[in-house]
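Chemist: Quick one: structure below, then a few questions.
The values are calculated or read from the model by the stated rules, or taken from the named source; none is laboratory data. Being a predicted model, the structure only gives us computed values, none of them experimental. Glycine gets a Cβ as well: all are built from the backbone with ideal geometry, and neighbour counts include every protein chain shown. The accessibility values were calculated without ligands, DNA or RNA, using every heavy atom of the protein model including side chains. Shrake-Rupley method; radii C 1.70, N 1.55, O 1.52, S 1.80 Å.
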Amino acid sequence: MKPVAVVQFTANDTPAFFAHYLNRMGIPWRRISVHAGDPLPEPITEYSGLVMMGGPMSVNDPLPWIPPLLEIIQDAVTQDIPVLGHCLGGQLLSRAMGGQITDNHCAEIGWHTVQAPDAALAEEWLGGTREFTTFEWHYQTFSMPPNAQPLLGNAQCCNQAFVMGKHIGFQCHIEMTVDLVNTWCTTSAKEIESALHQPSVQAPQSIMAAAPEQVAALNQVASAVYSRWVTGLKH
C-alpha cells in the first residue's frame, strides 16, 4: 500500500494521536516536515492519502510553499485521493477548494464543546456523536468551500469542520495527546496569557489539568473520524 503523506509545518505540531492510529492499524505513512525543508509530496499519486497538521502561520501569508501545496491539494481531490486537514490543514483544504480564510471574531484556546447539526453526517464521520469536547487553538477560521457539508460548529466559531465526499477539514484539533497538550501549553504560555482577557481562552494550568480526561474522550471521537477517512485511501 502506498504511504499516507503527513505534512507537518512546525516541530511542535506533530501528527500525535493520528500517527498512533495509523501505526495501530498498520497503515504506512511518511512525514513531510516543511519546517525542516522537506520537499512537498508530489506527485501526490505516490501517496494513498494527504494529511496536513496545524501551525501558527496563516494561509494568507506570503510563504513560498503555500501556492504549490494548494495545487497539490487540488490535484489530490481531482485524483480522488482523500485529504484530511487539522486546523491550519483544514484552512488549507478550504482555501484550495474555493473557501476564504479570515480572522475569527475571537481567539479560541483550550477545551471547547462543538456540535454536529447533521445526524447522518455525525453517524458517518463521528460514530454517531452529536456533541463533544475538542481542543482549540486558533485565531482565524475558514469559510465553507462550495459543495462542502458543514460537520461541526460552536458559538465561538461557526465553522469547525466540513466534509467534501471523502475529504474532511477541521478547525479544531482532534489529534491531541496529553503530551502534545502539555508541550503547547508550556512552550506558548506567554501567548495564552496575552489572550486571557477573552473568555474563549483558558489558562495553561486549567488546560493541562483537564487534559487526561478530555484527551481520553477526544481520542474516541478521533478514532471514529480516522476510521471513516482511511476507508477512502487509494491502494
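Chemist: Please count how many residues of the stretch 151-165 are closer than 20 Å to TYR226 by Cα, under 15 Å from the mean Cα position of the chain (by Cα) and not polar (S, T, N, Q).
Modeler: Adding up the residues that qualify gives 7.
Chemist: Go through the residues of the stretch 164-179 one by one and say whether even a single one is small (Gly, Ala, Ser), farther than 19 Å from GLN115 by Cβ, touching a Leu at 6+ places or on another chain (Cβ under 8 Å) and surrounded by fewer than 18 Cβ atoms within 10 Å (Cβ to Cβ).
Modeler: no
Chemist: Considering only residues that are out of contact with any helix residue (DSSP H, G or I) (no Cβ under 7 Å at 6 or more places or on another chain), within 25 Å of SER200 (Cα to Cα) and in a loop (DSSP other than H, G, I, E, B), which ones fall in the stretch 140-172?
Modeler: Listed by number, the residues that qualify are MET144, ASN154, ALA155, GLN156, CYS157, CYS158, ASN159, GLN160, CYS172.
The rows are residues; the columns are (1) of a type in the set (Ser, Thr, Tyr); (2) outside any loop (DSSP other than H, G, I, E, B); (3) closer than 28 Å to PRO199 by Cβ; (4) touching a residue at least 24 places away in the same chain (Cβ under 8 Å).
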| site | (1), (2), (3), (4) |
| --- | --- |
| VAL59 | no, no, yes, yes |
| LEU69 | no, yes, no, yes |
| ILE81 | no, no, no, yes |
| LEU93 | no, yes, no, yes |
| THR102 | yes, yes, yes, yes |
| VAL114 | no, yes, yes, yes |
| ALA120 | no, yes, no, no |
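Chemist: Shifting gears a bit: Say we look at the stretch 189-218 and pick out the residues that are among the polar types (S, T, N, Q) and open to solvent by 30 Å² or more (accessible area, probe 1.4 Å); which of these is nearest to ASP80 (Cα to Cα)?
Modeler: Restricting to residues being among the polar types (S, T, N, Q) and open to solvent by 30 Å² or more (accessible area, probe 1.4 Å), the top hit is GLN214.
Chemist: Is it the case, given these coordinates, that THR129 is of a type in the set (Val, Ile, Thr), open to solvent by 10 Å² or more (accessible area, probe 1.4 Å) and either in a strand (DSSP E or B) or without any contact (Cβ under 8 Å) to a residue 40 or more places away in the chain (or both)?
Modeler: No: the conditions fail for THR129.
Chemist: Moving on to the next point. Among the residues of the stretch 1-47, write down those that are open to solvent by 30 Å² or more (accessible area, probe 1.4 Å), assigned to a loop (DSSP other than H, G, I, E, B) and among the charged types (D, E, K, R).
Modeler: LYS2, ASP38, GLU42
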